[in-house]
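Comments concern the structure below.
The values are calculated or read from the model by the stated rules, or taken from the named source; none is laboratory data. Source: prediction; values computed, not measured. So basically every Cβ, Gly included, is an ideal-geometry build from the backbone, and we count neighbours across all protein chains shown.
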Amino acid sequence: MSTVALELSYLAAAVLFILGLRQLSSPKTAPKGNATAAAGMLIAVAATLLHQEIVGYADILIGVLVGSAIGALLAARIQMTAMPQLVALFNGLGGAASALVAGTEVIRPGTVLPGPAVVVPVALGVLIGTMTLTGSLVAFAKLQELVPGGAIRSRLLQVINVLMVATALVLCGALLAQPSSLWVLAGLALAAGVLGVLGVVGIGGADMPVVIAFLNALSGLAASATGFALGNDVLIVSGSLVGASGVILTQIMCKGMNRSLGNVLFSGFGAGSGAAAGAAAAGGAAAVRGYSPEEAAMVLTGGQLVIIVPGYGLAVAQAQHTVRQLADELEKKGVEVLYAIHPVAGRMPGHMNVLLAEADVDYEKLKDLDEINPMFPQADVALVVGANDVVNPLARSDNSSPIHGMPILDADKAGTCIVLKRSMRPGFSGIDNPLYAMDRTMMVFGDAKDTLVELVSQVKQA
Amino acid sequence: MSTVALELSYLAAAVLFILGLRQLSSPKTAPKGNATAAAGMLIAVAATLLHQEIVGYADILIGVLVGSAIGALLAARIQMTAMPQLVALFNGLGGAASALVAGTEVIRPGTVLPGPAVVVPVALGVLIGTMTLTGSLVAFAKLQELVPGGAIRSRLLQVINVLMVATALVLCGALLAQPSSLWVLAGLALAAGVLGVLGVVGIGGADMPVVIAFLNALSGLAASATGFALGNDVLIVSGSLVGASGVILTQIMCKGMNRSLGNVLFSGFGAGSGAAAGAAAAGGAAAVRGYSPEEAAMVLTGGQLVIIVPGYGLAVAQAQHTVRQLADELEKKGVEVLYAIHPVAGRMPGHMNVLLAEADVDYEKLKDLDEINPMFPQADVALVVGANDVVNPLARSDNSSPIHGMPILDADKAGTCIVLKRSMRPGFSGIDNPLYAMDRTMMVFGDAKDTLVELVSQVKQA
Amino acid sequence: MSPEALVGALTVFVLAVFVGFEVIGRVPPTLHTPLMSGSNAISGITIVGALLVSGAGFGGLARWLGMAALILATINVVGGFLVTQRMLRMFTARQRGRGKGTKS
Amino acid sequence: MSPEALVGALTVFVLAVFVGFEVIGRVPPTLHTPLMSGSNAISGITIVGALLVSGAGFGGLARWLGMAALILATINVVGGFLVTQRMLRMFTARQRGRGKGTKS
Ligand SMILES: NC(=O)c1ccc[n+]([C@@H]2O[C@H](COP(=O)([O-])OP(=O)(O)OC[C@H]3O[C@@H](n4cnc5c(N)ncnc54)[C@H](OP(=O)(O)O)[C@@H]3O)[C@@H](O)[C@H]2O)c1
Ligand SMILES: NC(=O)c1ccc[n+]([C@@H]2O[C@H](COP(=O)([O-])OP(=O)(O)OC[C@H]3O[C@@H](n4cnc5c(N)ncnc54)[C@H](OP(=O)(O)O)[C@@H]3O)[C@@H](O)[C@H]2O)c1
């Protein structure tokens, strides 16, 4: 295949990526959008394989087979609740591939002494790609609970951080002088790797989703940089599409948490939450009374409109199917059921939507913040399932609270507020929730799934 | 200025164009958007002037001065009602400039024998650019009423049309063989010019706005083609932005008229309207009764909500300021006044908006079709000022009507419908309007401006 | 232009068309007339081509063609932006007038 | 890459960023998780670079680096698209189920 034909195929691939992403704008067309994007990838790969520069297919066959097998296995086996980890992992692998391809461009046999127009993007590709890899691996480990989730911070780490940034800059300069030096390149990758690790180690486990969206953006930028190095437009286009997507998601999440990106990346919000949690649990538990599932079931069946507020606890308890059952039973009894989805409920953007979609909940019943908040005053019951911060009224009232100004779901304005959680421990932000102590609030303690199973059978009997 | 710096400036210009167009999405930011785009143009021009290839500034100075003077004069002097003509004229000039630049690329001294990658875009640039020029000039002449507005059609014209298309194709082929032949190029331009004239001559005067939007798209494509010929990215980008804009506007207008572009361009809808108008005027006049401005003023002041429906007659009568005065007087009397703006009211997209904005009407009172239609049943009065087709209920009810299916404003659903027009002559589509014969309709015959002046003084006295 | 460069130019064209459709699709009907005249002014970007021709010191026909192109493109650019500005000022005059009273 | 080509690449980059922001901005929150995994799969486009390296017949280090890049990129692409498809199927399963009964 001639170079022109190859580049036309790449253009077609880029167009398909864009069209695919456009179709992601509605759940109805989204599966087609994903297929469109995949078709674009197929065209790009097929055209590359037919290109005249390809002389041997043995290595390619091995690489593609091994990669496909691993990828397919991971995709098929992963549990929906572990999606954040998987996305983090894939992100890292993509970044690593970009770094490797960019690096190879200057050290491969037969490369002519590359000028700055090549070396600069290569350096960026290696730097960003490797940071994405190691950062994503740390994020993966935290989410998979292979390492403790807290934010690790110390003076020493900060010093190392500064040293590494300096090293990376020096090595970038060295690469410009000696573009094909393997050692400079390896050093650059090493420094970038350490930076990635240190950057993410210092961020609390619960902030990981923002980190993942940010790493998503970085993996796109790494692909773009590699595209600049190879002079390949499809890499540049795809990389910048992904970069834009990552940046937008990061913004949305930061806004939902009412924090800036800088605050997330550098302030270690999650660092102290363990301690705060303990204190809050001790102080708060006395003030509230627990109710039994029977009592809750009676209130539920007596209502006309029940709004379910799912939170991270739903994912932990894997209770999405049971919630759906409860809603079905209530609907059979003539109760209307809606779901209130907070933009940062759970641990990644759209987390609750994916879980509830898995349980086959009609997505038209999933209402976002602006839509559902005016409805709470009319609702008879707000059923809070493992959510905490996203229904904390302090965000509205307490100027000094760390979550002040974060938009919240007005579950406290419903007739009765039933809360399912295991204890009085606070959520991600580590602060107390006065909702639990309200008169009109019924706490039902226990694992969300167990409680829901109980509720389903009670409602059935009613 | 080096080529790289020049191209970076062009990139900056393209970015400013995009940002400028984005700011056009709201009336508040729109003036800034226009200024942003103009700044982009300034950067592009300034960078070009500093480029090393420029050796003499005398010609440039003359050209820029003459062009600026004419442009500024036209822009300052034009009446708002003549905007369609002016846009058509500018369009044509832009197309001509593109054709000239593209043509010069192959015949200028020192050009090396250009390959098909240059010749094809040059041919397209000359072809599209010249068609845009002559087509726009005909549209201008029709709108300015220099020539009769009707659609001129005959077998002979069709034969010439086909001949010209064939000639143009042959000449494109010839140009590929002899890229630098002045005669081939001139022949191509001539054929394209004739095509442009014939294409627009065959379209009724009232369809001109669609034609202008379409010519707008063509002038963008001509600029893009020229960009391909010169290998100049900023031309390509700007041209395709304009092309996209023209295509979208054409689509919107066709949809508002419930016709396809093919139908507009090739069917001569406006051709028979003169005859139909005569017939309708004769048949319809007997059935309805005229009212005096006094009677109308009484109804107006008695209402609580008056919806004004402006149409092409408002532009003809230049009555925008008087409408505004009437609205002010009514508001002083406690009557709420809104404006219902149909997407194709008038003779170009957004025509009514511009007129009313000129008269300083708050744009928040201008409601579009979907917003205002549900409000007509509550309105006491619909005041139809020189509108006809856009309030014709036949579009809803009569399957056989040529305007059937065109979305209309439901003026007939208001308590009383007051219509200001000069006669029972139909509007652009040439068909009768049963609204005028309705019981609840009051026709007030006369020039819209005269009637409105009368209404203002009556309302003042009431 | 080499065939490879042509593909590059095509890529730019396609991307710009996407940008155009996305951006223009958001312009409200109220602003369609200014959009038309404003985008028209942008299409006068051929002025840069005309400048390069006019400034190259060609003689004969190329010179006159270049001059004609320059004049026409300049009318398009200058007239287009000015008339758009004139129209848009009307849309905001009302807003500004109000602003004085109520600080909106 | 020549400096001129670099500017061309930059133009493509900038336009693609505009397209990205416009297009992604319209994805509803419901679909943010699939958007993340789907766009992630798209960033696996480096696979074409990895293929070119792996197929070039290099020996030594370049070969192994290419192979590693290829495996990683393939995991990213294949896994990314498949997992996205799996998630999206959930969103539509309900719709399809309904379709049977009511022809919606
Ligand atoms: N979505 C995102 O993209 C994202 C990203 C970064 C950070 N965040 C943050 O995460 C938080 C999300 O708010 P949220 O309200 O969804 O969650 P949350 O505030 O973290 O609270 C979750 C609650 O679920 C309860 N829970 C845990 N396991 C449970 C189980 N098995 N059964 C019943 N309850 C269980 C916990 O209480 P017990 O331990 O007492 O059971 C906990 O209070 C916000 O602060 C947000 O800023 C979200
Ligand atoms: N806006 C666009 O972009 C566009 C483009 C192409 C076509 N069109 C077409 O143009 C039509 C627009 O509808 P429309 O309702 O606005 O206009 P219309 O249907 O053309 O009717 C205009 C009416 O205004 C009256 N009129 C003219 N001069 C007047 C004056 N000085 N004082 C009072 N009345 C006067 C005329 O009646 P008298 O002669 O009896 O006074 C005429 O019936 C549609 O059919 C549309 O499809 C619009």
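For this structure, a couple of remarks:
- Selection from segment B:140-176 of residues that are of a type in the set (A, V, I, L, M, F, W, C), closer than 16 Å to B:PHE266 by Cβ and touching a residue at least 12 places away in the same chain (Cβ under 8 Å): B:ALA151, B:ILE152, B:LEU157, B:ILE160, B:MET164, B:VAL165
- Which listed residue, of B:GLY196, B:GLY243, is assigned to a helix (DSSP H, G or I), more than 12 Å from chain C (Cβ to nearest Cβ) and crowded, with 24+ Cβ neighbours inside 10 Å: B:GLY196
- Looking only at segment B:298-319, and only at residues there that are hydrophobic (A, V, I, L, M, F, W, C) and closer than 15 Å to B:GLU454 by Cα, the one that is farthest from ligand 2 (Cβ to nearest atom): B:MET298
- Elements of the type helices (runs of 4 or more DSSP H) sitting completely within segment B:297-374 and holding at least 2 residues that are farther than 24 Å from B:ARG425 by Cα and within 20 Å of the chain's Cα centre (by Cα): these cover B:351-358.
- Residue within segment C:3-25 that is polar (S, T, N, Q), surrounded by fewer than 24 Cβ atoms within 10 Å (Cβ to Cβ) and either facing chain B (nearest Cβ under 7 Å) or over 25 Å from B:ALA46 (Cα atoms) (or both) present: no
- For beta carbons closer than 8 Å, sequence separation of 6+ or different chains, a first residue in segment A:232-259 that is of a type in the set (Val, Ile, Thr) and a second that is not in a helix (DSSP H, G or I), the qualifying pairs are A:ILE248/D:GLY25; A:ILE252/A:PRO343; A:ILE252/A:PRO349.
- A:LEU369 more than 9 Å from ligand 1 (Cβ to nearest atom) and within 14 Å of chain D (Cβ to nearest Cβ): yes
- Subset of segment B:330-346 [crowded, with 22+ Cβ neighbours inside 10 Å and out of contact with any strand residue (DSSP E or B) (no Cβ under 6 Å at 6 or more places or on another chain)]: B:HIS342, B:VAL344, B:ALA345, B:GLY346
- Helices (runs of 4 or more DSSP H) contained in segment B:25-115 and holding at least 3 residues in contact (Cβ under 8 Å) with a residue 40 or more places away in the chain: B:30-49, B:83-107
- Count - residues of segment A:375-409 that are buried (at least 16 other Cβ atoms within 10 Å of the Cβ), over 23 Å from the mean Cα position of the chain (by Cα) and of a type outside the set (Gly, Ala, Ser): 7
- Odd one out for B:VAL335, checked against (1) closer than 18 Å to C:PRO29 by Cα; (2) of a type in the set (Val, Ile, Thr); (3) away from ligand 2 (no atom under 16 Å from the Cβ): (1)
- Answer from B:GLY231, B:GLY202 - the residue that is more than 20 Å from B:LEU89 (Cβ to Cβ), surrounded by fewer than 24 Cβ atoms within 10 Å (Cβ to Cβ), modelled with pLDDT under 95 and within 7 Å of another protein chain (Cβ to nearest Cβ): B:GLY231
- Subset of segment A:199-240 (residues that are hydroxyl-bearing (Ser, Thr, Tyr) and in a loop (DSSP other than H, G, I, E, B)): none
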